[in-house]
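The structure appears below as structure tokens.
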Amino acid sequence: MNRNGRKVNRAQLRDAERCLGDFQRGRLAPMSFDQCLLADRQGRVQYAEATTLRLEGWRCDPLAEAPPFAFTDSTTVNEAAVEGARALTYAIFGGPPVDDADLVTRADDRDTARCQVAMLRRANALENAALQAINRVKRQALRDETVDRAGALEARLAAVFASNARLDRLQQRLAWEVDRKCDALPAPPGAVFPGACGDPDLGAVQACVIAVARCEACLKINAFDALNLDCDQADDQSANGSCP
């Protein structure tokens, strides 16, 4: 269920990238970016959601006893995956809904358009990788007989956010690529990224987007499995109320 929840999340993240790309090329009208974000034009999100439902019937026999912890249902998994993916997009570009006036077309400003795409793509990659890493650790943990309750599993999963080489590399890649694509913006970073992460300093925007991606991954796992991971600690290793 968690593995397919990640696939639903990935489908929604990639759909956001396609919507932004089509907007920048002038191919969305009369649809707005936000309408596109909700439309699932190619049906890939819906297909992934349907697979979660099928897996629940196949792997989680409703006539059998449900797992004692780390399990919810397909509806919960699908909703958390989609809503969390959209939340990351909104943190970058504002909303809901995103205002089309805050997005840049290639015809108007190719460099700023490339900058916006770079931030969204790298943030999406980080969130997806965080879910993948957590799922891998969960699969390994549940083979251990000592992981027999939610608290024991939460301790194993929290370690992913505390130290993970792949997430560290992706965070560095986000900063490197955004620095490279956004080094000559005609507008301040807060105007290019007007969402909750808007800030006059590009480094602060990057740090915020990284924290939001980690936060949303953590919140999704809590929702997927009815766990209580400390997501405020997971997003930026600080108890500062940034990820409730």
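Subtract the Cα-Cα distance of ASP148 and THR75 from 0.36 nm times their separation in residues, and report this length gain in nm to one decimal.
On the way: separation 73, 0.36 × 73 = 26.28 nm, distance 2.49 nm.
This chain segment gains 23.8 nm when fully extended.
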(request) For Cα Rg over 2.2 N^0.38 Å, several values are listed as (i) 0.92; (ii) 1.25; (iii) 1.04; flag the one computed from this structure. (result) (iii)
(message) Considering only C-alpha atoms, what is the centroid distance from segment 34-97 to segment 169-244, in Å?
(response) 22
(message) With every protein chain kept in place and ligands, DNA and RNA left out, what is the accessible area per residue of segment 3-97? Probe 1.4 Å, answer in Å².
(response) 52
(request) In nm, give the distance between the simple-model label positions of ASP100 and ASN240, each being 7 Å from the Cα along the Cα-to-Cβ direction. (result) 3.7
(request) Could you work out how far helix 150-162 tilts from the main Cα principal axis of the chain, as a 0 to 90 degree angle to the nearest 10? (result) 30
(request) With a cut-off of 20 Å, note down the residues of segment 143-158 whose backbone N falls inside the zone around a label point 7 Å from the Cα of ASN228 toward its beta carbon. (result) 147-158
(message) Using the basic label-point model (7 angstrom from Cα toward the beta carbon), what is the ALA155 to ALA196 distance in nanometres?
(response) 3.1
(request) Report, in debye and to the nearest 20, how large the dipole of segment 129-244 comes out about its Cα centre when Lys and Arg carry +1 and Asp and Glu carry -1 on their Cβ. (result) 500
(message) How high is the relative contact order of the chain? Use alpha-carbon pairs under 8 Å, at least six apart in sequence, and give a whole percent.
(response) 26
(message) Can you give me the distance in nm between label points at THR51 and ASP22, each placed 7 Å from the Cα along the Cα-to-Cβ direction?
(response) 2.1
(request) Using the Karplus curve 6.51 cos²θ - 1.76 cosθ + 1.60 with θ = phi - 60°, work out ³J(HN,Hα) for each residue of segment 213-220 in order, rounded to whole Hz, and write x for Gly and Pro. (result) 4, 5, 4, 5, 5, 5, 4, 5
(request) Can you check what the Kirkwood hydrodynamic radius comes to for segment 33-173, Cα pairs only, in Å to one decimal? (result) 18.0
(request) Among the GluC sites (Glu not before Pro) in segment 53-121, which ones are in a DSSP loop with at most 11 other Cβ atoms within 10 Å of the Cβ? Mind listing them? (result) GLU65
(message) Taking the 0 to 90 degree range and rounding to the nearest ten, how far is the long axis of helix 74-93 tilted relative to the main principal axis of the chain, both from C-alpha atoms?
(response) 30
(message) Between helix 44-59 and the chain, what is the angle of the helix's C-alpha long axis to the longest principal axis, kept within 0 to 90° and rounded to the nearest 10?
(response) 0
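Would you mind calculating the gained length between TRP58 and ARG110 on full extension (0.36 nm times residue separation, minus the Cα-Cα distance), in nm to one decimal?
Working: separation 52, 0.36 × 52 = 18.72 nm, distance 4.78 nm.
Gain on extension, TRP58 to ARG110, equals 13.9 nm.
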(message) Strictly under 4.7 angstrom between C-beta atoms: which cysteines of the chain have no such partner?
(response) CYS60
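Give me the 1.4 Å probe accessible area per residue for segment 135-242, excluding ligands and nucleic acids, in Å². Don't skip to the answer; put the middle values down first.
On the way: 5310 Å² over 108 residues.
Per-residue value: 49 Å².
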(request) Pop out the carbon and sulfur fraction of the accessible area of segment 64-199 as a percent, whole number, probe 1.4 Å. (result) 46
(request) Show which lysines lie in cross-link reach of LYS220 when reach means a straight Cα distance below 19 angstrom and same-chain residues fewer than eight apart are skipped. (result) LYS7, LYS138
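The values are calculated or read from the model by the stated rules, or taken from the named source; none is laboratory data. Note that this is a predicted model, so its numbers are computed, not measured. Heads up, the Cβs are rebuilt from the backbone with ideal geometry, glycines too, and the neighbour counts pull from every protein chain shown. Protein only, heavy atoms only, side chains kept; ligands, DNA and RNA dropped before computing areas. Shrake-Rupley method; radii C 1.70, N 1.55, O 1.52, S 1.80 Å.
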